[in-house]
Every structure is written in structure tokens, then in C-alpha cells.
Amino acid sequence: TSKMENIQEEKINSEEENGEDIALENETTEMQNAERAENITKSVDEAKAVSTSTEVKFSKPVEGKVLRGYTYPKPVKFNETTQRSIRGIDIESKIGTEVKSAAEGIVEKAENTGVEDGVVVVIKHANGIKTKYCNLSEDLLVKTGDKVEEGTVIGKIGESAKLFNKDNFGEHLNLQVLNSENERMDPLKYFA
């Protein structure tokens with residue numbers, strides 16, 4: 001009987017060990033699944049962080065050299081009697097030249113604002129950053145609420161800015177950048 005008892009005991013021990021092995025395998029699998037889920041969550045969080053980053057680069061709306069750089073809020077001599085700050089950059093470009101959206105976005109404003117900026121288009125991009133295109137012609141190709149892609153032609157260079165006109169400033173596009181709080185930013189930080 002002792003041989004029989006030993007065989008039964010070995011069988012029970014073997015079953016217990018197999019049960020422990022199965023439990024250990026299940027625990028390992030659960031840990032691996034938890035780790036995978038954590039990595040997936042981390043990847044999603046990293047992707048979200050990238051998509052909400054303020055590091056944005058825009059394509060050029062027109063080709064041309066920068067005539068005047070951003071000076072806001074510091075004023076510069078405008079003419080013999082007036083000083084004004086340059087709230088964006090002025091890019092040399094002939095009247096009638098097509099102006100393109102610098103990136104995908106929604107047209108927030110497309111109107112004639114009056115003497116200083118003239119006809120403008122404001123496009124809201126990722127993270128609330130906005131590009132503002134000033135001194136356009138009256139025949140805009142977009143309206144408020146339109147969705148635009150990078151490179152969409154939104155209008156043409158005009159001479160609608162009466163204060164910053166071609167006689168004093170040459171034929172140009174005034175390009176401005178505003179952050180999500182509508183604070184003015186130096187466009188050269190966003191354009192190559």
C-alpha cells in the first residue's frame with residue numbers, strides 16, 4: 001500500500017504543480033495584457049499631446065521678400081507725422097497675386113475692416129492659432145464659416161488698406177498671427 005500511496009501522492013503533487021503553473025501563466029498573461037493596455041493608453045495620450053501642441057509651422061501664403069518685420073507693440077516711423085507698430089509682416093507681392101491659406105482651418109472672418117487692415121480673411125487653425133491676411137482685394141474667394149485646406153486660394157492681393165497703402169508701403173500682403181487668446185505673435189516664428 002505504501003507504493004500505492006506514494007504514486008497517489010506524486011499524482012496529487014503533480015496536479016498541484018500543474019495548477020500552480022496554469023495560475024502563474026494566467027497571472028503572467030494578465031500582467032502582459034495590463035502592460036499592453038497601459039502602453040496603448042500612453043500612445044493615445046502622446047498622440048493627443050502632439051495634436052494639441054502649439055508647435056505649428058505654416059506654408060507661405062505668397063512668395064516674396066519680407067518688406068517690413070513685426071514690431072508690435074513698438075511703433076516705427078510711418079511717415080513724417082505718424083508712427084505705427086507693424087502688427088504682422090509685410091510680404092512684397094504684386095496686386096492680383098493669389099493668396100493661399102497657410103494651413104487647414106475655418107474662416108472666422110472675411111470682410112472689409114476699414115482703413116488700417118482693409119479687406120481681411122482670418123482663419124482659425126489647430127490650437128486656436130489664427131492667421132490674418134490683410135490688404136486683400138474685395139473679390140474674396142471664401143466667406144465666414146468656410147473650411148479651407150492648406151494652399152486653398154482665399155483671395156488676391158489688393159490695395160484695400162488705405163493707411164498702409166502701396167504708395168507708402170509698396171504692393172504687399174500684411175500677414176498677422178494671433179494665438180488662442182487673440183494676442184499678436186511674430187509671424188516669422190510660424191513661417192519659414
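The values are calculated or read from the model by the stated rules, or taken from the named source; none is laboratory data. Quick caveat, the model's predicted, so the values are computed rather than measured. Backbone-built Cβ (ideal geometry, glycine too); neighbour counts: all protein chains shown. Accessible surface is based on the protein model in full, side chains and every heavy atom, while ligands, DNA and RNA are left aside. Shrake-Rupley method; radii C 1.70, N 1.55, O 1.52, S 1.80 Å.
Couple of notes before you dig in:
- Rolling a 1.4 Å probe over the protein heavy atoms of region 96-192, with every protein chain left in place, gives an accessible area that is 47 percent carbon and sulfur.
- Taking GluC sites (Glu not before Pro) across region 62-156, the ones in a DSSP loop with at most 12 further Cβ atoms lying within 10 angstrom of their Cβ are E63, E80, E138, E149.
- Electrostatic bookkeeping for E104 treats Lys and Arg as +1 and Asp and Glu as -1; over the other residues with beta carbon under 14 Å from its beta carbon, the sum is +1.
- Length gained on full extension, K65 to V115, computed as 0.36 nm times the residue gap minus the Cα-Cα distance: 15.6 nm.
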